[in-house]
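Novice: The structure is given below, and queries will be raised subsequently.
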Amino acid sequence: MEIQTTLVSQATDIEKGEFYKKTYLHVGFALLAFALVEYILLFNIPEEYIIAMVSQKFAWLFILGLFWLGSTLANKWTLSQSKNVQYLGLAFYVLLEAIIFLPMIYLAVVYTESIEVLKQAALLTLALFGGLTAVAFLSNKDFSFLKNVIVIGGFVSLGLIVIAILFGFNLGLWFSLGMVLLASASILYETQKLKDVYSPNQYVGASLQLFASIMLLFWYILRILSSRK
């Protein structure tokens with residue numbers, strides 16, 4: 001017998017409100033957990049290991065590959081019927097993000113000799129995320145067309161990143177600006193599709209998708225600000 005799933009768009013106003021509340025609370029908790037795990041890693045992982053993550057191109061490719069596989073697994077877990085598995089998936093993804101961000105944040109702090117650039121990047125990311133969220137909820141525009149842009153842009157950017165790592169060149173400011181636009185498009189799309197993809201009890205999976213888009217945005221904003229120092 002096929003189980004009928006009620007989407008958020010088909011739920012009552014109370015159920016919708018609870019879904020959005022829980023989704024964004026989990027996004028907030030994921031961001032706090034990321035900051036805590038990153039802090040722990042920065043003060044416990046030896047400097048030579050952090051530098052080796054980016055100085056050896058094949059090591060970085062291996063890490064990116066593991067991140068992609070881990071992200072796929074974490075996304076699958078967060079959509080499980082088991083709440084314990086859902087939270088395991090979100091926690092696992094937060095850990096993956098903390099690891100992938102480790103050399104970027106370490107180098108940003110070392111080169112600027114302060115955490116000011118991190119604060120600026122975090123504030124800009126949250127401000128942009130808040131603005132995009134408001135646009136997605138308050139406007140009557142249909143952002144479904146962004147799906148193809150995000151998919152194609154994602155494959156193109158991944159290919160450019162791999163080529164840049166293999167041949168040792170910097171993708172530069174324009175690439176980072178393009179990725180900020182891609183991350184912004186992802187936030188608009190993911191926010192608007194919440195009601196049409198998830199059921200009211202899948203708020204953990206929904207929060208992971210938003211968290212992933214926020215971290216992509218944060219990565220390239222931090223990269224842009226760090227390059228200016």
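The values are calculated or read from the model by the stated rules, or taken from the named source; none is laboratory data. Remember, it's a predicted structure, so these values are computed and weren't measured experimentally. Neighbour counts run over all protein chains shown; Cβ positions are idealised from the backbone, glycine included. Only protein heavy atoms, including side chains, enter the accessible area calculation; ligands, DNA and RNA are left aside. Shrake-Rupley method; radii C 1.70, N 1.55, O 1.52, S 1.80 Å.
Novice: With a Förster radius of 45 Å, plug the Cβ-Cβ distance of Leu138 and Gln81 into 1/(1 + (r/R0)^6) and report the FRET value to the nearest 0.05.
Specialist: E(calc), rounded to 0.05, equals 0.85.
Novice: Give me the angle, in degrees from 0 to 90, between the Cα long axis of helix 116-138 and the longest principal axis of the Cα atoms of the chain, rounded to the nearest 10.
Specialist: 20
Novice: Here is a further query. Just from its helices, what would the mean residue ellipticity at 222 nm be for the chain, if runs of 4 or more DSSP H residues each count -39500 (n - 2.57) and the sum is divided by every residue, rounded to the nearest 500 deg cm²/dmol?
Specialist: Only helices count here, giving -28000 deg cm²/dmol.
Novice: Starting with the highest mean, order 218-227, 14-23 by the number of other Cβ atoms within 10 Å, averaged over the residues of each peptide.
Specialist: 218-227, 14-23
Novice: Which of rounded, prolate or oblate describes the chain when judged by the alpha-carbon gyration tensor and an a/c cut-off of 1.5?
Specialist: prolate
Novice: Compute the signed sum of charges (Lys and Arg +1, Asp and Glu -1) over the other residues within less than 12 Å, Cβ to Cβ, of Lys147.
Specialist: Around Lys147, the charge tally is -2.
Novice: Where Lys and Arg each count +1 and Asp and Glu each count -1, what net charge lies around Ile100 among other residues with Cβ under 14 Å from its Cβ?
Specialist: Cβ neighbours under 14 Å give a net charge of -1.
Novice: Looking at this model, which pairs from Lys83/Lys193; Lys76/Lys119; Lys147/Lys195 are more than 24 angstrom apart at the alpha-carbon?
Specialist: Lys76/Lys119
Novice: Assuming 0.36 nm per residue, please report the length gained on full extension of the stretch Ser55 to Leu25 beyond their Cα-Cα distance.
Specialist: This chain segment gains 7.1 nm when fully extended.
Novice: For segment 69-174, restrict the atom set to alpha-carbon positions and state the Rg and Dmax in Å.
Specialist: Answer for segment 69-174, Rg first and Dmax second: 17.6, 46 Å.
Novice: Ignoring ligands, DNA and RNA, what percent of the accessible area of the chain is carbon or sulfur (1.4 Å)?
Specialist: Carbon plus sulfur share of accessible area: 68 percent.
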